[in-house]
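Some notes on the structure that comes next.
What follows is calculated from the coordinates using simple rules that are stated; it is not laboratory data. All figures in this text were calculated on a predicted structure; none of them were measured in a lab. Positions of Cβ are generated from backbone atoms using ideal geometry, with glycine treated the same way; all protein chains shown enter the neighbour counts.
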Amino acid sequence: MPKDAMFSEEEQVLRQAGKAVGDERYKDSPLHAEFVSLVNGYQRLFKQVRRVISVSDKQQHGLIFELEQAFESFARTLVTTIDAKHRLTAGHSERVTEYALFIGDKMGFSDEQMEVLKYAGLLHDIGKIGVPDAVLTKNGAFSPDERLKMNEHATWTWQILSVIRLPRNLREIPKMAACHHEKMDGTGYPYGLKGDDIPFFSRILAVSDVFDALTSRRDYPKYDREKILSTDPMSMEMAFSILTKDQNIHFDPTVVSVVLNHRTEFETMWQYLHTNQAAGG
Ligand SMILES: [Fe+2]
Ligand SMILES: [Fe+2]
């Protein structure tokens with residue numbers, strides 16, 4: 001296939017993204033600056049891919065490896081922008097990813113599936129870039145309107161990731177990442193999906209996400225259904241009992257059973273992640 005034909009679809013997407021960057025209607029969005037740097041970063045990556053294709057086979061292997069590394073650091077940099085905006089949840093996406101990968105590993109996922117799960121985990125809350133700072137960093141309970149704005153981060157996640165021309169094997173990530181707040185009984189958000197309609201990887205992220213939220217320090221109180229608890233990290237025992245109690249309501253029981261069958265390893269991982277990363281949750 002001629003090289004130009006190979007890239008025509010990608011170039012079209014980048015041209016559309018470039019147009020969106022210049023669109024006056026988006027200028028006032030809190031997302032605009034991040035969106036511009038995201039598009040620029042991806043354009044640079046695209047140029048690198050073109051370079052890889054133009055060199056000899058011998059050089060390709062090393063360059064593709066470098067490209068994968070560049071993509072991973074690009075994704076981690078995006079995550080860092082969220083950490084910088086909201087210091088009390090710093091490290092959250094990295095920890096959620098580690099918990100999700102642990103579950104995937106115990107379920108016998110292939111290397112390709114683990115790769116998808118890793119990026120869905122790292123990028124699941126990237127939509128928080130679109131939440132106004134006054135809401136994101138509020139120290140206290142949300143008003144109903146603020147809660148709505150906060151919940152919009154899930155749809156922002158889908159929108160932001162959909163703009164990126166992801167490698168073919170990662171194309172399901174926008175949906176998987178955006179559905180991490182869906183619940184098995186259909187009362188979650190943003191789409192109110194139910195049971196098997198929720199992507200399976202999103203169900204893994206849901207368990208990992210809540211486990212990390214419960215067992216990390218927060219700047220607003222934790223809730224157990226309607227009951228207000230505290231901002232302190234919850235004990236492992238209590239977190240496990242919430243996962244158990246909310247099976248089939250919030251969580252996929254298959255995923256919860258993997259966690260419950262490996263409680264000790266989960267506790268060890270929690271300890272490791274909280275001593276080797278900035279404290280927070
Ligand atoms: Fe989230
Ligand atoms: Fe999260």
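Could you calculate the contour length gain from ILE249 to GLN271, that is, 0.36 nm times the residue separation minus the distance between their Cα atoms, to one decimal place in nm? Please report the intermediate quantities before stating the final value.
Working: separation 22, 0.36 × 22 = 7.92 nm, distance 2.81 nm.
My answer for the length gained is 5.1 nm.
Starting from 0.36 nm per residue, how many nanometres of slack lie between ASN261 and MET150 once their C-alpha separation is accounted for?
Working: separation 111, 0.36 × 111 = 39.96 nm, distance 3.31 nm.
Here the answer is 36.7 nm.
Evaluate the distance, in nm, between pseudo-label points positioned 7 Å from the Cα of PHE200 and of GLN59 along their respective Cα→Cβ axes.
Placing both labels 7 Å along Cα→Cβ, they lie 4.1 nm apart.
So for the pair MET238, LEU45, with labels modelled 7 Å out along Cα→Cβ, what separation do we get in nm?
Taking the simple label geometry, MET238 and LEU45 are separated by 3.9 nm.
Which whole-Hz couplings ³J(HN,Hα) result when phi for each residue of segment 71-86 is put into the Karplus expression 6.51 cos²θ - 1.76 cosθ + 1.60, θ = phi - 60°, listed in order with x for Gly and Pro?
Per residue, the Karplus-derived 3J(HN,Hα) values read 5, 5, 5, 4, 5, 5, 5, 4, 5, 4, 5, 5, 4, 5, 6, 9 Hz.
In whole Hz and in residue order, list the ³J(HN,Hα) couplings for segment 195-212 that follow from phi through the Karplus curve 6.51 cos²θ - 1.76 cosθ + 1.60, θ = phi - 60°; x for Gly and Pro.
The phi angles translate into x, 5, 6, 7, x, 4, 5, 5, 5, 5, 5, 4, 5, 5, 5, 5, 4, 5 Hz.
Which whole-Hz ³J(HN,Hα) couplings does segment 163-179 yield from phi under the Karplus relation 6.51 cos²θ - 1.76 cosθ + 1.60, θ = phi - 60°, glycine and proline marked x?
6, 6, 7, 6, x, 3, 6, 10, 5, 7, 4, x, 5, 4, 5, 6, 9
Return the long-range amide H neighbours of GLY186 (sequence gap of 5 or more, or a different chain), with a cut-off of under 5 Å between placed amide H atoms.
HN-HN under 5 Å from GLY186: GLY195.
Can you give the translational diffusion coefficient of segment 80-213 in µm²/s, computed by Stokes-Einstein from the Kirkwood radius over Cα pairs at 4 °C and 1.567 mPa s?
Numbers: Rh = 15.0 Å.
Roughly 86 µm²/s, to the nearest whole number.
Around MET236, under 9 Å between beta carbons, what's the net of Lys plus Arg minus Asp minus Glu among the other residues? Please report the intermediate quantities before stating the final value.
Numbers: positive: ARG263; negative: GLU237, GLU267.
Net charge in that neighbourhood comes out at -1.
Please give, to one decimal in nm, the separation of the simple spin-label points placed at ARG171 and ALA70, each 7 Å out from Cα toward the Cβ.
Here the answer is 2.2 nm between the modelled labels.
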